[in-house]
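For reference, the structure I am asking about is given below.
The values are calculated or read from the model by the stated rules, or taken from the named source; none is laboratory data. In this text, all values refer to a predicted model and were calculated from it rather than measured experimentally. Note: ideal-geometry Cβ built from the backbone for every residue, glycine included; neighbour counts use all protein chains shown. Please note that ligands, DNA and RNA were not included when accessible areas were found on the heavy atoms of the full protein model with its side chains. Shrake-Rupley method; radii C 1.70, N 1.55, O 1.52, S 1.80 Å.
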Amino acid sequence: MQASNQPYYWTTPTQQHMDQNLYLGDVSQGSHFSDQTPELANNSSSSVSFSPNGSPISLQDSHSFQPDPYHSPDYTYSSHVSKVGFEENVDDLQLRLSEIQTILDTDQDFAESFDVSSWVETGLDNIHPVNDQYRIMKQIIAKGDLKEGLFACAKAVAENDTVTAEWLISMLRPLVSVSGDPAQRLGAYMLEGLVARMSSSGSFIYKALKCKEPTGGELFSYMLLLYEACPYFKFGYLSANGAIAEAIKNEDKIHIIDFQIAQGGQWVTLIQALAARPGGPPKLRITGIDDVRNSFARGGGLNIIGQRLAKLAESCKVPFEFHAVPVSGSDIQLHHFKVQPGETLAVNCPFVLHHVPDESVNPQNHRDRLLRLIKSLSPKVVTLVEQEANVNTAKFFHRFQEVFSYYLAMFESIDATLERDHKDRINVEQHCLAGEIVNILACEGVEREERHELHGKWRSRFKMAGFTPYPLSSYVNGTIKTLLESYCDKYRLEERDGALFLGWMNRDLVSSCAWN
């Protein structure tokens, strides 16, 4: 694609002039910044940078697999499981389970956390040696078939067969490792999810839970490393920005409502592009929405983001206003938006709506309520980026199977970039992915925040709210294809059903679409 054929609003100053090797640095040492946008840099825990492809690094702050999914304290287990009446401490257990974010620092910790011999020995007597199911499970373990062993264990948990589940956990423990191959690493976290789920069902609770919260700089470095290792987040932000840029290209008064403002980095290139508009830049107002608990990664409230973007806009001579809304998506009301007459409205929903509970959790159905509320604003475009996983209303066993399929592809894609002995790979997976896995498997009801749906379900929700599909830009597709050229050839990009899908081999992982 020839650059000269691209519209001005897509060929941003950053894309025109940025050195392909601009972002280089040891992410383990914290954040680094482009010298083209020094006004956005202030500390290692809250920053904006650019990828080698010229796309902004926008670090999301929600409890998801995006670059910054967890901001409540992360936990490591040194947990010996014992038989204690769950009824005696249900509130404490639910609190602990809801705070699970990461699993183990070393394989030794993992071995200790699953030392169930003390409570399995008597249970094994209840599994008759000539039982067909027992023989099949013994064969699975003997072959080292981790997938089938995990599925058998999950089935036992789903059927409340604690004796079989406990025995299988003890047998599967030697087959998993946080430093092994993708299936072994994923298996370690999924086993932890099963143990946590059993605890919440009333059989066992953890006697010890040691809190380990990384520093802001450490957490940022893990998020940034994941962002650079895989193209999923760049894909989401590029596709969303492309749709928004297309929708507002001829408008003079623009209002962007971002439901996950995070570090605000997604809007750097857009502000620069608006500054280059023929005839002068338009007026730009951004409403940044974010839960107050996400201030940890920023090192402060939303005012930090507003100040950074205002400085950038001033340097680009773009009239700018920032409006902070520090509330969760479930609590959003019409008055929060402060829409003004004459504004062209664009709404951005990146990796965030799956955290809003639907009718299966709350009779108020905030997920559909929020979509109807957005539609009532008559936006010119609404962008949606979500993980392509079916774990919202699925029964536990099918959810377990979906988690294995989805995250195995994710872990395999990480392996394609980060060597298995990479010093920070375990930290990346623990702090950015493991907590989500455990939450999906161990928690139910309002405690389960990770409630992903497939694009088909999102499409139905948007249509019921009165939206119609917004066509995708061919320039966006071309830009993303160029982005993927710098990654492993096992990634694939497909356009269907009015959406873009980014996948690993035969598994869709992220979908992006636009509506109006």
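Tell me which GluC sites (Glu not before Pro) from region 319-424 have a DSSP coil assignment and no more than 11 other beta carbons within 10 Å of their own. Write down the numbers at each step before the final one.
Working: sites: E321, E343, E359, E386, E388, E402, E412, E419; in loops: E343, E359, E388, E419.
Sites meeting the loop and neighbour criteria: E419.
Using a/c under 1.5 as the rounded threshold, could you call region 256-327 rounded, prolate or oblate? The axes a ≥ b ≥ c are square roots of the C-alpha gyration tensor eigenvalues, and prolate needs a/b larger than b/c, oblate otherwise.
It comes out prolate by the Cα gyration axes.
Give K253/K457; K283/K380; K249/K481; K283/K463 a once-over and call out the pairs whose C-alpha atoms are over 25 Å from each other. Provide the component values of the computation, followed by the final result.
Values: K253/K457 33 Å; K283/K380 16 Å; K249/K481 23 Å; K283/K463 31 Å.
Violating the 25 Å Cα-Cα cut-off are K253/K457; K283/K463.
On a C-alpha basis, how far is the centre of region 167-186 from the centre of region 437-504 in Å? Whole number, if you could?
Value for the Cα centre distance between the two parts: 30 Å.
Tell me the accessible surface of V446 in square angstrom (1.4 angstrom probe, heavy atoms of protein chains only), to the nearest ten.
V446 has an accessible surface of roughly 110 Å² with all protein chains in place.
Name the trypsin sites (Lys or Arg not before Pro) in region 271-340 that are in a loop by DSSP and that have at most 14 other C-beta atoms within 10 Å, would you? List each step's numbers first, then the result.
Values: sites: K283, R285, R293, R298, R308, K311, K317, K338; in loops: K317, K338.
Listed in order of number, the matching sites are K317, K338.
Give a residue-ordered list of calculated ³J(HN,Hα) values for region 256-273 (Karplus: 6.51 cos²θ - 1.76 cosθ + 1.60, θ = phi - 60°; whole Hz; x for Gly, Pro).
Computed from phi, the couplings for region 256-273 are 9, 9, 9, 7, 8, 5, 6, 7, x, x, 4, 9, 4, 5, 5, 4, 5, 5 Hz.
OK, next. Among F397, F151, F501, what's the order by accessible area (1.4 angstrom probe), most exposed first?
Numbers: F397 55, F151 25, F501 5 Å².
Heavy-atom accessible area, descending, gives F397, F151, F501.
Let me ask another. Please sort by residue number the trypsin sites (Lys or Arg not before Pro) in region 385-467 whose DSSP state is loop and whose Cβ has at most 13 other Cβ atoms within 10 Å. Before the final figure, lay out the partial values.
Working: sites: K395, R399, R420, K423, R425, R448, R451, K457, R459, R461, K463; in loops: K395, R420, K423, R448, R451.
Those satisfying the criteria are K395, R420, K423.
Checking the cross-link filter: which lysines have an alpha carbon closer than 26 Å to that of K138, excluding same-chain neighbours under 8 positions apart?
In chain and number order, the partners are K83, K147, K155.
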